Each structure stands twice: as C-alpha cells, then as structure tokens.
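*Asks:* Sending over a structure as structure tokens; questions will come in a sec.
No lab work stands behind these numbers, since they all come straight from the coordinates. Predicted, not measured: the structure shown is a model, and the values here were computed from it. Positions of Cβ are generated from backbone atoms using ideal geometry, with glycine treated the same way; all protein chains shown enter the neighbour counts.
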4 protein chains.
Amino acid sequence: MTTRSRFGASTMDDSDTTLDDLKRAVREFRDRREWEQFHTPKNLSMAIAIEAAELMEEFLWLRPDETPRRTDGGDSAARIAEELADILIYALGFANSVELDVTGAVLDKLAKNAEKYPEAKCRGFSSWLDSEKGEGA
Amino acid sequence: MTTRSRFGASTMDDSDTTLDDLKRAVREFRDRREWEQFHTPKNLSMAIAIEAAELMEEFLWLRPDETPRRTDGGDSAARIAEELADILIYALGFANSVELDVTGAVLDKLAKNAEKYPEAKCRGFSSWLDSEKGEGA
Amino acid sequence: MTTRSRFGASTMDDSDTTLDDLKRAVREFRDRREWEQFHTPKNLSMAIAIEAAELMEEFLWLRPDETPRRTDGGDSAARIAEELADILIYALGFANSVELDVTGAVLDKLAKNAEKYPEAKCRGFSSWLDSEKGEGA
Amino acid sequence: MTTRSRFGASTMDDSDTTLDDLKRAVREFRDRREWEQFHTPKNLSMAIAIEAAELMEEFLWLRPDETPRRTDGGDSAARIAEELADILIYALGFANSVELDVTGAVLDKLAKNAEKYPEAKCRGFSSWLDSEKGEGA
C-alpha cells in the first residue's frame, strides 16, 4: 500500500521506509519542540503503556470473532491505525533516547525465541507459548 | 551501529532495514509455527500492553535522574533492549494481522500532532502536552 | 470464606474487613520500611499498571472458554490471587498517598455509571458499553 | 471523611464499609444489566489494565515533585478519584468472577512480602525493592 507522506514530496510506505527514517521523523518532531527534557526513558515507557491500553480498549468486551464496534459512530479502523501509530512513535522515541538499534534488538529476540520455540515442536501448539513472559511471537 | 542478523548473511541495522523487512521476519516466525490462530488483534493488543509493562518495571521506584539498577546483577541495558524488541515484535505482528502500513500511520499521526502542537507555541512548554490522551510526541 | 490472618489472631475476610483495615495494613507495611519516599502517586500508578499486566498474562492466548494453564506446572489460581492482591495493595497504597476515601469514590462512580447505563436500556446489550473509556461495570 | 452513599440512606466510608459491601455493590450493578456474560476474567483483567493506564496519564511528563495539571481546566483530583474508582470496580468485579476473598489474598501477600523484605534490612533502601516483579509494597 502506498501512503502519501506529509513530510515531503516522496511517497513513503513500509516497503521503502527504513527504521532510521521513522526514528528520524520522531526525533525531529521532538527536537523542534525542545521536548527531549520530558522524553526520559521512564516517561516514554509510561507513554507506550498508556497507548497500548488505548489500543486494547478497541477490543474490550468482545469475543475473538467479533470485530470492534463503537457506539459513537467513529471509524474503528482509523482509530486503530492511530493508536498503533502512537505506540510506535513512543517506542521509536524510546529507542532514540537510549540509542538502541531496533533492527538488531528485534532480530536478536526473534532468534532467541526461535531457539525457545523450535518449529518442529511448536507448530500449532499453544502450550508452547510462554505465558510467564507473555512471549509467543 | 551494525548488527549481525541471524536471519541471513547480510548485515542489517536500522539504516538499511525497512519496516516490511521486520514485518516479514515477524510474520514468518508466526507462520512457521502456525500461530496465526492465536495472534488475533485482541490478543496481540494484550501482548503489547504486557510487554510495555515489563519495560516500565525497569524504571519503577526511580527518580528521573537515576539509571535503572537491578538487585539480581542482571544487565539492565540488555533487558531493556529485549523488552523494547518484544513491544515492537507484537506491534508489527498487530500491523500484519490488520494489514496496516505503519509508515503511513506514523507519518499521518506525526502530521496530525504537528498541527495540534505548533512548533512556535510548543517549544519547551510542557503545558501543551495533551495528557488526556498521553500524546506528547 | 474465612481466611486466617497472619497480622493478628482474629480471622479476617471480606465479610468483616473494612477498607480502612486493609489501607492500614498496607500503610503500616510501607511505613515500617520507610518506603513512603518511593511510593509517590506517579510511581504507584505505574506499579498498578505493571501488576495489572501480570494478571492479564494469565489469560493471554486463550479464548474466553479456556481456563488459564501454565506450562511450568504452577498453580494458576494461586498466582491469580497473588496478582490481584498486588493490584489492590498498590491501589490502596495510592489511596493512602492521596488520602482518598475509596468507598465514596467507588459508590459515586457506580452512581454515575448507573445514570449513563440505565438498567432498562442496558440489559444484556453490549453496545451500551462505553469502550471509549473502557467503562462497562 | 464521611461520604454520602447513593445506594442507601446510611453514610458509608472506608471506616465502616467492608470489602463484601463494595463487592456486592459491584455485583449488583453487573447483574441488573445482565453483564456477567461480558465480565469474563480475561475481559476484566484487560479492563483493570486500561483503567490503570488512564490513572498513569495524570502523571505523565511530570517530575515527582510536580502536581498533575491538565490543559483542559479539568479537576485533576476529581479525575484521579474517578480513575482509581474504575480500577477498584474492575478489580472487585474480577474477585467476584473468580470468587476470591480479597482480604485473605492481600494479607497473605503482605505476609509474603514481609518475609522477602525484612524491616530491619529494608528500612529506606530502595535496592531491596524487587523491580523484577514490581513488588515493593
């Protein structure tokens, strides 16, 4: 899907946007407003959790097969996109604040999970999901 | 920072990894284990919130100027990287499940925030942060 | 259900324990360790959210009709009781720190919800649940 | 503090209200609307986390010594009371759904914490706080 970017004339979407591109956009937004003073890792960790809760609200009271619906007539898909964007903006902001390469962190964690959940044993079995840590990716 | 990727021979880091690259890695991990049945948007939204809480734990009981420390001698920086990776893995997994282009969602949200928090008015002023929604990026 | 209390010889359970009794137990635990300095409202709000996420972990990846199960053989009911206790300990700790009468707050909120969700209209209808605020109690 | 209860003519506050009194009020609210079908433990655990995040929002972007302030002119103390009430309503609702005596659970957990954090050793020392589980009550 191609999405028009308001940050410039070029069209940017997940196929051609790097993690650094998005980290830069988030960093510039913060710096132009001199908000780095507020964006401590502690505050950013709280912000991520707050936005994650807002995303969960879309699915509260529903059974797995129900699509979210809102009584206020709002556009559920648009809200969900916005809430996921908020989570990512703060997560990338956190990565900026601690100078973390997220690609390396994500690939390392997937590799660690791959050893913990070998494909041959895990296929389709939910009992292999480590609910202790909530990690089933 | 260059990070060696275990998913292939090429070196991948935030400078050369696209959002699609990471979304694909997360999707393949899920599909090889036939875990799509468990990765409903509702469950994934819960997973993001759970991992966000684990990241917050690193900063609990601390004042802003204190660095996280753990009594068990563990490596705080390594844990933080892993917890942020978990958040991103589930967030990208969520994007996969609802077929959302995250670049477009993030850039659109930053543009919306830019109108809400004009640079000239917001520089350094925390009062402009909309704590109602927790949005101050 | 009668529960033996380790805080004294009397048997205490929900039928004969007041909110002040529990708030006092939580307050004394904090004061004997001189932990009030760490138990700021901000930190306590984080702690509540962290414990709430631990409770959610018990139910992740499950469909509504499945009972929680853990791969490590642990006692799910005991863990759930402990996690709910953690939530209440921090919530009552928060009430102590801001000197809030929780009975009044809870009854006032139920009264407010009763006006928002009149019994005659709401019986059985999930569409009346305000997912905006997650309030459907 | 004495609070007038809308649930009856008697004045109820934390000094004379039992846990069962509040659990009953929450249960009756649910049953009169036939909402038990939606109030599964999984959904209630999500609701607690969502409300916990709303409470945290009051403290986001602030340093420990700052009191919460809102740009919309709202009454911060009233909102905080309402958000804590929401947390307790869902936590007590959860206790109802799993038939848990919360007094016993809280006192047992405090006793467990007392052994883990002996007074003599812990007085004032934040290093004794188990940030692994976020348990420092």
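*Asks:* Given the rotation that superposes chain B on chain A, what residue of B brings its beta carbon nearest the axis, and what is the distance in Å?
*Replies:* It is B:ALA52, 2, counting Cβ atoms only.
*Asks:* How charged is the neighbourhood of A:ALA120? Take every other residue with its Cβ under 14 Å from the Cβ of A:ALA120, and add Lys/Arg as +1 and Asp/Glu as -1.
*Replies:* Here the count lands on +2.
*Asks:* Mind listing the phi-derived Karplus ³J(HN,Hα) values for region B:48-55, rounded to whole Hz, using 6.51, -1.76 and 1.60 with θ = phi - 60°, and x for any glycine or proline?
*Replies:* 4, 5, 5, 5, 4, 5, 5, 5
*Asks:* Also: Ranking C:MET12, B:MET46 by Cβ neighbours within 10 Å, fewest first, what do you get? Mind dumping the intermediate values first?
*Replies:* Numbers: C:MET12 24, B:MET46 27.
Final ranking by Cβ density, sparse to dense: C:MET12, B:MET46.
*Asks:* A further question follows. Mind ordering A:91-99, D:112-120 by average Cβ neighbours within 10 Å, highest first? Mind showing how you got there, number by number?
*Replies:* Values: A:91-99: 20.2, D:112-120: 13.4.
My ranking of the peptides, most packed first, is A:91-99, D:112-120.
*Asks:* Related question: Averaged over peptide C:26-39, how many Cβ atoms belonging to another chain are found within 10 Å of each residue's Cβ?
*Replies:* Numbers: counts 3, 0, 1, 8, 2, 1, 7, 15, 5, 11, 1, 5, 9, 3.
Taking the mean over all residues of the peptide, I get 5.
*Asks:* Any lysines with Cα under 25 Å of the A:LYS121 Cα? List them, leaving off those in the same chain fewer than 8 positions away.
*Replies:* Output for A:LYS121: A:LYS109, A:LYS112, A:LYS133, B:LYS23.
*Asks:* Along Cα→Cβ at 7 Å, what distances in nm separate the A:PRO118 label point from those on the other copies, shortest first?
*Replies:* Those label-point separations list as 4.5, 6.3, 6.4 nm.
*Asks:* Which whole number gives the average count of other chain Cβ atoms within 10 Å of the Cβ atoms across peptide B:16-24?
*Replies:* Counting Cβ atoms of other protein chains within 10 Å of each residue's Cβ and averaging gives 6.
*Asks:* Still on this structure, I have one more. Could you put A:SER45, B:SER76 in order, starting from the residue whose Cβ has the fewest other Cβ atoms within 10 Å?
*Replies:* Lowest to highest Cβ neighbour count: B:SER76, A:SER45.
*Asks:* Kindly give the distances from D:ASP75 to its copy-mates, label point to label point, with each label point 7 Å from Cα along Cα→Cβ, as nm values to one decimal ordered shortest first.
*Replies:* So the label point of D:ASP75 gives 3.7, 4.5, 5.2 nm to the other copies.
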